[in-house]
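Peer 1: Below is a structure I'd like to ask you about.
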Amino acid sequence: MKARNPVGIPITTTSSTKADLLPLDIHGILLLDKPLDLSSAGAVARVKRLFNARKAGHTGSLDPLASGMLPICFGEATKFGALLLEADKTYRVTVRLGERTASADRESEVIETRPLAPFSREQLRQALADFPRDYKQVPPMHSALKQDGKPLYEYARAGITRERAPRDIVIHDLQLLDWQAPDLSFDVRCTKGAYIRVLAEDLAAQLGTIGHLAALRRIAVAPFAAERQWSFEALESLSVMQRHEALLPVDAALCAWRRFDLPVGGVSAFRQGQTVKVAAEFTGTIPGTVRIYADGLGFLGLGEIEPAGGLLKPLRLISSVTNRA
């Protein structure tokens, strides 16, 4: 027989033990609360086994020394995972001031210590306010970025330092949470690609001292913030159907784009990847990317309204309907 998960994709089930072991076509997004000491790839592998899913992938890695939100896309949702890679991230950070490590986090031993000045909370709050928002960040040597075919961490382990070009990072917000010397805790919301351990060192330098990342938890990946995150323990306590109900719909990450309901006459051509003329329906509509829906079918994918001619051009389509209104 056939059941349906919450996003409306049929899941084939059978009483046969052999068939039960076949991977399932599951579609949606899981907000995993990744535990410490597990890689993002390891988390995806564990989730795939738990859901017996055919296809899944994460949307921006989280180091083993970090915990928190790791969106995992299943099936059709993987087509839109790159959009989450580009999304802003929010982290809860603890920096230990007065101590430096080679890797800028607690993965390596302390190699330098300095006495700490008696910072007040107001001094630290002001330091966060004064930290550059348009921030040129030099990637750390202890990173997976490659030069000449080798990751930088291999050079670092061999005692070799390579030149690294700075990256343009935008810090949207920095908010002091706590100061219990020597540990400074704050929340940071920033653009993709930021190395928080480098931020920890740079902030310490602005304070006239040294520091390293002592704890890191990702608490939001735009547009997800208030939604529930699922630990492995919570997922393992659920039935198979309850796990499917924990998934967000395929289009859950696309709320920043405007919605357009495609008239029935254009659905077939659009789903075949053809540009559709919808001039009358787009009167007064601003050109740009839109989420496409059709009555009775739900979410179809992303399209682009072209500036002239009243045309809707397919950008990224899903292969199966989701029954999402």
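Peer 1: Does segment 228-246 hold any residues that are part of a loop (DSSP other than H, G, I, E, B), touching a Pro at 6+ places or on another chain (Cβ under 8 Å) and open to solvent by 90 Å² or more (accessible area, probe 1.4 Å), and which are they?
Peer 2: Passing the criteria: none in range.
Peer 1: Are any residues in segment 247-261 at pLDDT 95 or above and either surrounded by fewer than 19 Cβ atoms within 10 Å (Cβ to Cβ) or assigned to a strand (DSSP E or B) (or both), and if so, which ones?
Peer 2: Leu248
Peer 1: While we're on this one: Within the set of pairs 6+ apart or on separate chains, which have a first residue in segment 283-312 that is more than 25 Å from Thr78 (Cβ to Cβ) and at pLDDT below 85, a second that is not charged (D, E, K, R) and not in a loop (DSSP other than H, G, I, E, B), and C-beta atoms under 6 Å apart?
Peer 2: Final answer for the pair search is Pro287/Ile305; Gly310/Phe282.
Peer 1: May I pose another question? Given the residues Ala41, Ala56, Ala45, which is the only one that is free of Cβ contacts under 8 Å to residues at least 12 places away in the same chain and open to solvent by 10 Å² or more (accessible area, probe 1.4 Å)? Write out each step before concluding.
Peer 2: On the way: Ala41 fails: free of Cβ contacts under 8 Å to residues at least 12 places away in the same chain; Ala56 fails: free of Cβ contacts under 8 Å to residues at least 12 places away in the same chain.
Selected residue: Ala45, the only one of Ala41, Ala56, Ala45 that is free of Cβ contacts under 8 Å to residues at least 12 places away in the same chain and open to solvent by 10 Å² or more (accessible area, probe 1.4 Å).
The values are calculated or read from the model by the stated rules, or taken from the named source; none is laboratory data. In this text, all values refer to a predicted model and were calculated from it rather than measured experimentally. Cβ: placed from backbone, ideal geometry, glycine included. Neighbour counts: every protein chain shown. Note: accessible area is taken over every heavy atom of the protein model, side chains too, but ligands, DNA and RNA are not part of it. Shrake-Rupley method; radii C 1.70, N 1.55, O 1.52, S 1.80 Å.
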